[in-house]
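One structure is given here, and the rest of the page talks about it.
What follows draws every value from the coordinates through simple rules; no lab data is involved. If you're wondering where the values come from, they're calculated on a predicted model, not measured in any experiment. Don't worry about glycine lacking a Cβ; one is built from the backbone with ideal geometry, like all the others, and counts go over all protein chains shown.
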Amino acid sequence: MDKLADIGVIGLAVMGENLILNMESKGFRVACHNRTVDKVDAFLAGRGQGKNLIGCRTLEELVASLERPRRIMFMVRAGAAVDQLIDALEPMLEPGDILVDGGNSSYLDTTRRCTDLAAKGLLYVGAGVSGGEEGALLGPSIMPGGNAQAWPALKPIFQAIAAKVADGTPCCDWVGPDGSGHFVKMVHNGIEYGDMQLICEAYHLLSQGLGMSADQIQPIFAAWNTRELDSYLIEITADILGHVDPESGTPTVDLILDTAGQKGTGKWTSQVGLDLGVAIPQIAEAVFARFLSAIKDERVAAGPYLSGPGKAASQGSDGDMSAVVDQLEKAVYAAKICSYAQGFQLLRAASMEYGWNLNFGEIALLWREGCIIRARFLGTIKEAYDADPDLANLVLAPYFREVLAGAQAAWRTVLKTAVDLGVPAPVMAASLCYYDGYRCERLPANLLQAQRDYFGAHTYERVDKPRGEFFHTNWTGTGGETASSTYNV
Ligand code: NBP
């Protein structure tokens, strides 16, 4: 019989195919299967031709073609498809066999599957994969978590195919138990939403606010990509702005309809922020901005009825454009720092809630290369967490504190400019509000507590009494002295 395969991959769509070719190029023999079996034949006759692959027309064939313990990776649509595959495979597997879900599954689903399968002796891993099509082929960032007993068998394959940082360290390491790998991937995607929207707001300010054309804005992003903002998303933005539609000669970006799509991972991140009680306003605003973009017809209809700051303001700045561009670069960097700080606060909260013991410096390293949010400054984030793993918030790390202090004037000016010009910048605004809120010793929540107590007898703590003592005031003189213990708003 032919040599058995090192790993099996189910799902021959864009991610699965490219991951398989990546694994094969690193010397692994890969068994491949897809629900629509024609795609197996097509793959082996096409991109997979002549490669060290085994095409499997059934799940039985796939299971029979694997070395033990069997390693099977799903690259299929998240949700029901994963449960169906688990149900179908389970009777064919033996204790110690490993199932890996490489899709964008909900971390709660992954936790459930880990627990269910552990009871049956099967090792389950949820491994977030980022980098898109090209990353999957050439080196993605991989975030595996779940049953740690599976890691020694997966590590040689996953670390071989992952992206590497400059010193050769792979952007793949064990994240933690349960659905922690998928949680980290989810937060990655949430941060990605924030980064993308922030870049779009900078572009909007330059284009609509200051009246610059795509080819005038292109070199600005290209220059930013050589400094602190050096990142994949800034790089592709410069590429996109330089692209010209061959038919019309118009910048392609100007021809694209302004309605954003989404697959839901930003929404999940925002929902989890709400569930865990963590302020991640930039990620949430990025999701809301996509919603607002999606109601194009409503916006077009509303425009004539809702006045803006007037033509004079929207015609652009008479002042020094290069000064505005410099300020914008600082503002974008400051906002980006706050966005990542929020993402890491969410990871911290989940780590505490679920007892995952996440290593934030290592997570920053996983994102340093290969993934969509890869950026030079993730190296600096790693250094900050390595220097102080208990850092209460990234914005408190000495380097970031200094950058924020240095950027502050520009950050505020840019937002004032956006407001004056009537250009919406919700993520940028949320970043500064987060910064100002986080550093504010006394927020107006004293008044808020008074309001809650006034209408619902919710009680409040006092600045002149120890924490944990609760008081109620009969505000109107007609209310009672009874405090509410059940009604919360
Ligand atoms: P898709 O998310 O488009 O999924 C298509 C694959 O899922 C096909 O192989 C399809 O088989 C299979 N599938 C479906 Br749909 N239902 C199935 C079922 N009930 N049983 C078995 N197989 C089923 O593919 P993708 O874009 O390559 O993404 C794969 C995973 O990786 C997803 O979870 C995605 O969220 C995640 N991801 C994608 C990207 C990206 O850039 N695309 C990046 C990072 C992560 P069929 O051919 O028979 O329909």
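So here's what we get for this one:
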item: Region 133-174 - residue that is assigned to a loop (DSSP other than H, G, I, E, B) and within 16 Å of the ligand (Cβ to nearest atom) and, of those, farthest from N359 (Cα to Cα); result: G139
item: All positions within region 19-39 that are surrounded by fewer than 23 Cβ atoms within 10 Å (Cβ to Cβ) and within 16 Å of the ligand (Cβ to nearest atom); result: L21, N22, R35, T36, V37, D38, K39
item: Unique match (being surrounded by 19 or more Cβ atoms within 10 Å (Cβ to Cβ) and hydroxyl-bearing (S, T, Y)) among S231, S213; result: S231
item: Residue that is farthest from the chain's Cα centre (by Cα), among those in region 133-154 that are more than 16 Å from I72 (Cβ to Cβ) and surrounded by fewer than 16 Cβ atoms within 10 Å (Cβ to Cβ); result: P152
item: Count of region 40-89 residues which are over 20 Å from A150 (Cβ atoms), among the β-branched types (V, I, T) and either in contact (Cβ under 8 Å) with a residue 40 or more places away in the chain or crowded, with 19+ Cβ neighbours inside 10 Å (or both); result: 2
item: Residue that is farthest from S65 (Cα to Cα), among those in region 1-18 that are β-branched (V, I, T) and within 14 Å of the ligand (Cβ to nearest atom); result: V14
item: Checking D116 against (1) more than 27 Å from L358 (Cα to Cα); (2) touching a helix residue (DSSP H, G or I) at 6+ places or on another chain (Cβ under 9 Å); (3) surrounded by fewer than 17 Cβ atoms within 10 Å (Cβ to Cβ), the condition it does not meet; result: (1)
item: Hits in region 175-209 (condition: among the β-branched types (V, I, T) and either free of Cβ contacts under 8 Å to residues at least 40 places away in the same chain or not in a helix (DSSP H, G or I) (or both)); result: V175
item: Residue that is nearest to F28 (Cα to Cα) [pool: residues in region 60-94 that are in a loop (DSSP other than H, G, I, E, B) and near the ligand (Cβ under 9 Å from one of its atoms)]; result: M75
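Per-residue answers, yes or no, for (1) more than 27 Å from the chain's Cα centre (by Cα); (2) buried (at least 23 other Cβ atoms within 10 Å of the Cβ); (3) of a type in the set (V, I, T):
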| residue | (1), (2), (3) |
| --- | --- |
| E298 | yes, no, no |
| Y340 | no, yes, no |
| G379 | no, no, no |
| A392 | no, no, no |
